[in-house]
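All remarks here apply to the structure that follows.
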Amino acid sequence: MPELPVGRVLRTPADQPDPAVVTEAGAVLRAGGLVAIPTETVYGLGCNALDPGAVQRVFDAKQRPASDPLIVHVDGIAMVSRVTGEPLPTVAATLAEAFWPGPLTLVVPRGAEVPDAVTSGLADVGIRCPSHPVAAAIITAADRPIAAPSANRFGRISPTSADHVIAELGDRCNLVIDAGRTLHGVESTVVAIRDDTAVVLRHGAVTVEALQRHVAVAVPERADATTAAVSPGHDARHYSPATPSVAATAGAARAAGSQQPDGRSVVWLGYTDRQPALPTTWRFEPLGALTDLDAVAHDLYDTLRRLDADAPDLLVVELTDAAGLGRAIDDRLTRAASSRVASTGEELSSAIAAAMGPFT
Ligand code: TXA
Ligand code: MG
């Protein structure tokens, strides 16, 4: 590969992609480089999906284990045939028709041209067609499918602005395309197709309720062994702040007021329309209102990053316990808390003790 410079940043409006920026991004991708690309969900670290060397550089930059497959991005249904071996299964075609371009990833049989590293050796490949005008234009300019994981170091919080990308990977990408903040703020929904059913492998910006309007949907339990097998790279700890964190259900939130605080600083992330009574030394920070989960998702990672940077002794993240987009939000909050979830006051005390040592 010719030497490409690193750390360049180019700006474009999100709704009207700057042709010069798009052309440059396409050229860097064709040359085997890494380009951080805005999508409607989160920023992705893009590379030519059909170039094994470029794919390896993405894994290296993120320090991502080889067992965690990448999503391949296309600019329309015509490009799908370069990634799959056969036409989309009927259920996948129905979902593509309903939700593409948009935040839905379909896991379907992969084609021979796709390098092993992209799918971690699996027989299936995850494909999505992003709706972000800049992402779509860059894929078209590159004229090939683009593999792109979220543009963060492995296990950390996904980036919803170019500043987030630059902070974590700025010195590891050839180009960062800055189009401002992303729309949804949580990743795409990932579904595998099993016979006539869409199996949800990861909750995301397309809700289960929306999928159910088109096809039969199965939602395996998180702890289910089969889920672990078909949904690699989905660890109990992910999307993680550096600050010790605990997740609390609404039940645990109701009992928060009777926790015994010591001198350590605790920040509670909750909802303005369900604000719990807290020990006086604990600080409440809003994730938004339960009546507007779109806004909660939009700001979620930005809020987590901001509070993590304050470095309190502990973050308590309150779960929405809601359906719809609430499932994706709760999934991310649970993993941010390394799956330490408290449902009662007692569980909250012991989860806090497990996260940061007992109150003294
Ligand atoms: O919204 C998104 O999906 C963003 C943007 C950039 O498109 N991308 C993203 O990629 O979140 P990443 O790498 O952070 O998450 C990809 C996840 C994997 O960890 C895995 O759970 C699932 O998608 N996945 C990808 N390919 C798969 C496959 N062949 N089989 C099963 N799961 C797969
Ligand atoms: Mg990710």
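The values are calculated or read from the model by the stated rules, or taken from the named source; none is laboratory data. Given the structure is predicted, the values throughout are model-derived calculations rather than measurements. Cβ placement follows ideal geometry from the backbone for every residue including glycine, while neighbour counts extend to all protein chains displayed.
Remarks
- Residue within segment 326-333 that is at pLDDT below 95, surrounded by fewer than 21 Cβ atoms within 10 Å (Cβ to Cβ) and small (G, A, S) present: no
- Within segment 170-183, being surrounded by 23 or more Cβ atoms within 10 Å (Cβ to Cβ) and either of a type outside the set (S, T, Y) or touching a strand residue (DSSP E or B) at 6+ places or on another chain (Cβ under 6 Å) (or both) holds for C173, L175, V176, I177, A179.
- Comparison of A98, A151, A162 shows that the only residue that is in contact with a strand residue (DSSP E or B) (Cβ under 9 Å, 6 or more places away or on another chain), within 10 Å of ligand 1 (Cβ to nearest atom) and touching a residue at least 12 places away in the same chain (Cβ under 8 Å) is A151.
- The listed residue being touching a residue at least 12 places away in the same chain (Cβ under 8 Å), within 9 Å of ligand 1 (Cβ to nearest atom), over 28 Å from R305 (Cβ atoms) and β-branched (V, I, T), out of V125, V215, V219, V190: V125
- Every condition in (1) at pLDDT 95 or above; (2) under 30 Å from L10 (Cα atoms); (3) out of contact with any helix residue (DSSP H, G or I) (no Cβ under 8 Å at 6 or more places or on another chain); (4) not hydroxyl-bearing (S, T, Y) is met by D124 except one, and the failing one is (2).
Residue-by-condition table, conditions (1) without any contact (Cβ under 8 Å) to a residue 60 or more places away in the chain; (2) within 16 Å of A247 (Cβ to Cβ); (3) not in a helix (DSSP H, G or I):
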{"residue": "P276", "(1), (2), (3)": "yes, yes, yes"}
{"residue": "L287", "(1), (2), (3)": "yes, yes, yes"}
{"residue": "A295", "(1), (2), (3)": "yes, no, no"}
{"residue": "Y301", "(1), (2), (3)": "no, yes, no"}
{"residue": "L304", "(1), (2), (3)": "no, yes, no"}
{"residue": "V316", "(1), (2), (3)": "no, yes, yes"}
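- Test: residue in segment 347-360 that is under 16 Å from P276 (Cβ atoms) and out of contact with any helix residue (DSSP H, G or I) (no Cβ under 9 Å at 6 or more places or on another chain): yes
- First in segment 234-247 and on the phi < 0 side of the Ramachandran plot, second anywhere and part of a loop (DSSP other than H, G, I, E, B) and basic (K, R), Cβ under 6 Å, 6 or more apart: V246/R340
- Complete set of residues in segment 105-120 that are surrounded by fewer than 24 Cβ atoms within 10 Å (Cβ to Cβ), in contact with a Ser or Thr (Cβ under 9 Å, 6 or more places away or on another chain) and either of a type in the set (A, V, I, L, M, F, W, C) or assigned to a helix (DSSP H, G or I) (or both): V114
- Index of the failed condition, A142 passing every other in (1) away from ligand 1 (no atom under 13 Å from the Cβ); (2) modelled with pLDDT under 95: (2)
- Filter pass, V83 being within 15 Å of ligand 1 (Cβ to nearest atom), closer than 25 Å to A112 by Cα and in contact with an Asp or Glu (Cβ under 9 Å, 6 or more places away or on another chain): yes
- Residue match in segment 30-48 (condition: more than 16 Å from ligand 2 (Cβ to nearest atom) and either of a type in the set (F, W, Y) or under 18 Å from the mean Cα position of the chain (by Cα) (or both)): yes
- Residue that is nearest to ligand 1 (Cβ to nearest atom) [pool: residues in segment 23-46 that are under 15 Å from P130 (Cα atoms) and touching a helix residue (DSSP H, G or I) at 6+ places or on another chain (Cβ under 6 Å)]: T39
- Answer from R340, R305 - the residue that is buried (at least 19 other Cβ atoms within 10 Å of the Cβ), in contact with a His (Cβ under 8 Å, 6 or more places away or on another chain) and at negative phi: R305
- Considering only residues in segment 245-266 that are charged (D, E, K, R) and over 13 Å from L315 (Cβ atoms), the one that is modelled with the lowest pLDDT turns out to be D262.
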